[in-house]
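This report concerns only the one structure given below.
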Amino acid sequence: MQIRRYSTVLKNGSTREGLILQHDKNLSEVAPLPNWSQETLADAFKQLKEGKCDSPSVRFGLASLNTPMPTHLDLPINAFEQYRPGFSVLKLKVGHLGLQDAIKLVQRHQQVPLRLDFNRKWPLNKLLRFASHFNASDFDYFEEPTEKLQDLIIFSNQTRFPIALDESAARFAHEPIATLKTIVVKPTLTGTIPTPPPGVELIFTFAYESTVGLLRIAQLAAQYNPTRPHGLDFESYLSSHTLFPPPIIENGRFIWNAP
């Protein structure tokens, strides 16, 4: 196994670093996400050198490396932060916004159903006031709307708005959340693929990986849920590529063909 370190500047000016793994023609990526992953890049590199597999990013990278590269991928994805023609779903981050700003943002972006990511930052009363301005059908789901499980259950019961879990999925996925629709999976952070409750879908999304990691996430998305839009809009944050030829985004779809 060959290990190559990369460093790239994202469109927001921050630097993303990771490791590209190669064995024969197979490629994969190990890229712990700073401030979110339990392991650092140095930890991950040490584990790889010692033949260990103790952390999520390493488990994802090694599992991918042992899986043949796809020959063709073509699956729908959501737009991220800004609607573009051809996309059927738009994801917006609203956790940092005040109530009125969030209402205005959503009202400006109602061309397609929305995925709103609250990052568990809103209290129940704020969520209920926000929801009173809209219909459940306006949204594909509310992702991590609030921190407390009891508030999440109350919000679900009162509004019937669709709910998605991400970072709290390991603790809350099997709790009685009436309108739980989706488990959002970031393989770099989870390491393995969770088993959702009956009737709950998996949606795969990035943790700001390079295009090698994105290709492997897209491969999982195509395997588990090929018809629903996934969170793979790399044009929203990447300005360069580690995979050649790189994937393309066309009419709201992630497309890649092996050379």
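Within the range 198-226, restricting attention to residues that are polar (S, T, N, Q) and more than 26 Å from residue 163 (Cβ to Cβ), which residue is surrounded by the fewest Cβ atoms within 10 Å (Cβ to Cβ)?
Looking only at the range 198-226, we keep the residues that are polar (S, T, N, Q), and these are 205, 210-211, 219, 223, 225.
From the residues that got through so far, the ones that are more than 26 Å from residue 163 (Cβ to Cβ) too are 210-211, 219.
On the way: 210: 24, 211: 22, 219: 19.
Per the criteria, the residue is 219.
Of the residues that make up the range 190-199, is at least one more than 17 Å from the chain's Cα centre (by Cα), assigned by TED's automatic domain parsing to the domain that holds residue 114, in a helix (DSSP H, G or I) and farther than 23 Å from residue 80 by Cα? Talk me through it step by step, then tell me what you get.
First pass over the range 190-199, keeping only residues more than 17 Å from the chain's Cα centre (by Cα): 197-199.
Checking the rest, the ones that are also assigned by TED's automatic domain parsing to the domain that holds residue 114 come to 197-199.
Retained after the next criterion (residues that are in a helix (DSSP H, G or I)): none.
Within the range 190-199, none of the residues are more than 17 Å from the chain's Cα centre (by Cα), assigned by TED's automatic domain parsing to the domain that holds residue 114, in a helix (DSSP H, G or I) and farther than 23 Å from residue 80 by Cα.
So which pairs qualify, if the first residue must be in the range 10-37 and free of Cβ contacts under 8 Å to residues at least 60 places away in the same chain, the second must be aromatic (Phe, Trp, Tyr), the Cβ gap must be under 7 Å, and the two must be at least 6 apart or on different chains?
Taking only residues 6 or more apart or on different chains, the pairs are 17/6; 19/45.
In this structure, is residue 87 outside the structural domain of residue 242 (by TED's automatic domain parsing), surrounded by 15 or more Cβ atoms within 10 Å (Cβ to Cβ) and over 16 Å from the mean Cα position of the chain (by Cα)?
Working: outside the structural domain of residue 242 (by TED's automatic domain parsing): no; surrounded by 15 or more Cβ atoms within 10 Å (Cβ to Cβ): yes; over 16 Å from the mean Cα position of the chain (by Cα): yes.
So residue 87 does not fit the description; no.
What do you reckon, is residue 167 in contact with a Lys or Arg (Cβ under 9 Å, 6 or more places away or on another chain), in a loop (DSSP other than H, G, I, E, B) and in contact (Cβ under 8 Å) with a residue 12 or more places away in the chain? Full working, then the answer.
On the way: in contact with a Lys or Arg (Cβ under 9 Å, 6 or more places away or on another chain): yes; in a loop (DSSP other than H, G, I, E, B): yes; in contact (Cβ under 8 Å) with a residue 12 or more places away in the chain: yes.
In short, yes.
Collect the residues in the range 137-164 that are among the small types (Gly, Ala, Ser) and assigned to a strand (DSSP E or B), keeping them in residue-number order. Reasoning before the result, please.
If we filter the range 137-164 for residues that are among the small types (Gly, Ala, Ser), which is where we start, we get 137, 156, 164.
Of everything in the range 137-164, just one residue is among the small types (Gly, Ala, Ser) and assigned to a strand (DSSP E or B), namely 164.
Exactly one of (1) in contact with a Phe, Trp or Tyr (Cβ under 7 Å, 6 or more places away or on another chain); (2) under 23 Å from residue 126 (Cα atoms) is unmet by residue 189. Its number?
Just one mismatch for residue 189, condition (2).
The values are calculated or read from the model by the stated rules, or taken from the named source; none is laboratory data. The structure displayed is predicted, hence computed values, not measured ones. Reconstructed Cβ throughout: ideal geometry from the backbone, glycine too, with neighbour counts over all protein chains shown.
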